1. Hey, any hits in segment 98-114 for a residue that's of a type in the set (A, V, I, L, M), exposed (fewer than 13 other Cβ atoms within 10 Å of the Cβ) and closer than 30 Å to S52 by Cα?
2. May I ask you to list the residues in segment 44-87 that are without any contact (Cβ under 8 Å) to a residue 12 or more places away in the chain and in contact with a Gly (Cβ under 7 Å, 6 or more places away or on another chain)?
3. Assess whether K20 counts as being at pLDDT 75 or above, exposed (fewer than 11 other Cβ atoms within 10 Å of the Cβ), over 26 Å from the mean Cα position of the chain (by Cα) and more than 18 Å from A135 (Cα to Cα).
4. Does P140 qualify as being at pLDDT below 85 and part of a helix (DSSP H, G or I)?
5. Every residue in segment 1-11 that is surrounded by 10 or more Cβ atoms within 10 Å (Cβ to Cβ) and assigned to a loop (DSSP other than H, G, I, E, B), please.
6. Just checking, does segment 52-74 include any residue being buried (at least 16 other Cβ atoms within 10 Å of the Cβ), of a type outside the set (K, R) and in a helix (DSSP H, G or I)?
7. Considering segment 88-137 alone, what residues qualify as being free of Cβ contacts under 8 Å to residues at least 40 places away in the same chain, of a type in the set (D, E, K, R) and not in a helix (DSSP H, G or I)?
8. Residues W154, W170: which one is modelled with pLDDT of 75 or more, farther than 16 Å from M133 by Cα, over 27 Å from the mean Cα position of the chain (by Cα) and part of a helix (DSSP H, G or I)?
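The values are calculated or read from the model by the stated rules, or taken from the named source; none is laboratory data. Treat the numbers as computed from the prediction; the structure is a model and nothing was measured. Here the Cβ positions follow ideal geometry from the backbone for every residue, glycine too, while neighbour counts run over all protein chains shown.
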Amino acid sequence: MKFGPVVNTGQVPVPGSVSKETPVGRSKIKGPFLHTYDAITTVDIFDGPPFSLNPTKNGPVVLHFLPWHRTWSHSLITGGVFGILGGCIWGWKAGVVIPLAFGAHVLEDQLGHMGSNLFWPLTKKRFQGLGKMHAIDALPNFLAVWICCLFIFWDTYRVMEDPTHEFGLWTLLVYGIFIPLGCGLFLHRFLFRGKGPEKGGGRFCR
């Protein structure tokens with residue numbers, strides 16, 4: 001554990017709060033444990049992120065980040081239940097849209113490191129995430145919002161009686177998603193290659 005500068009609510013270091021020698025705290029852990037999140041975790045602003053230590057039979061102690069998060073609220077079954085309720089109240093279209101939107105959110109989060117309990121209440125543990133992005137990454141968050149905006153635009157455009165310009169859904173996907181996404185991924189890889197944080201990736205530690 002390293003103690004850095006004091007930061008404000010914008011995560012900007014407070015001038016004069018950095019000590020000349022960085023204090024370091026260490027504590028030995030008996031036996032192996034499985035670290036499922038980032039190897040480096042930053043604690044700042046008002047509170048630090050909580051962890052839980054869960055022992056397993058004849059195995060390591062599993063370190064879970066934010067154990068209360070992404071449980072029942074990130075279950076595909078929960079989305080299906082909401083879809084049934086929405087269908088009974090607003091009709092079959094709502095019964096289709098609600099679970100699809102809910103499931104898209106859950107599956108997008110599954111691309112991260114934390115994972116989700118995809119089949120709560122049938123399962124009790126979160127499935128390990130794919131580790132492809134972080135929740136604070138700007139590009140995937142912007143892309144998700146952008147795609148939602150495009151589909152809202154398409155849903156409005158297709159019922160217009162006399163549009164100024166006519167185009168199909170495939171044209172919208174190519175110029176609205178595929179080309180910008182390709183350019184964005186290229187720039188992101190070019191500008192930030194080699195600068196990603198160290199990842200835990202389910203490592204065994206002693």
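1. Of the residues in segment 98-114, the ones of a type in the set (A, V, I, L, M) are 98, 100-101, 104, 106-107, 111, 114.
Now narrow it down to the ones that are exposed (fewer than 13 other Cβ atoms within 10 Å of the Cβ): 100.
Imposing the further condition that a residue be closer than 30 Å to S52 by Cα reduces the set to none.
For segment 98-114, residues of a type in the set (A, V, I, L, M), exposed (fewer than 13 other Cβ atoms within 10 Å of the Cβ) and closer than 30 Å to S52 by Cα: absent.
2. Selection gives I84, G87.
3. On the way: at pLDDT 75 or above: no; exposed (fewer than 11 other Cβ atoms within 10 Å of the Cβ): yes; over 26 Å from the mean Cα position of the chain (by Cα): yes; more than 18 Å from A135 (Cα to Cα): yes.
Here the answer is no, as K20 does not meet what is asked.
4. Numbers: at pLDDT below 85: yes; part of a helix (DSSP H, G or I): yes.
The answer is yes for P140.
5. Matches in segment 1-11: F3, G4, P5, V6, N8.
6. For segment 52-74, residues buried (at least 16 other Cβ atoms within 10 Å of the Cβ), of a type outside the set (K, R) and in a helix (DSSP H, G or I): present.
7. Of everything in segment 88-137, those that are free of Cβ contacts under 8 Å to residues at least 40 places away in the same chain, of a type in the set (D, E, K, R) and not in a helix (DSSP H, G or I) turn out to be K124, K125, K132, D137.
8. Details: W154 fails: over 27 Å from the mean Cα position of the chain (by Cα).
Matching residue, one of W154, W170: W170.
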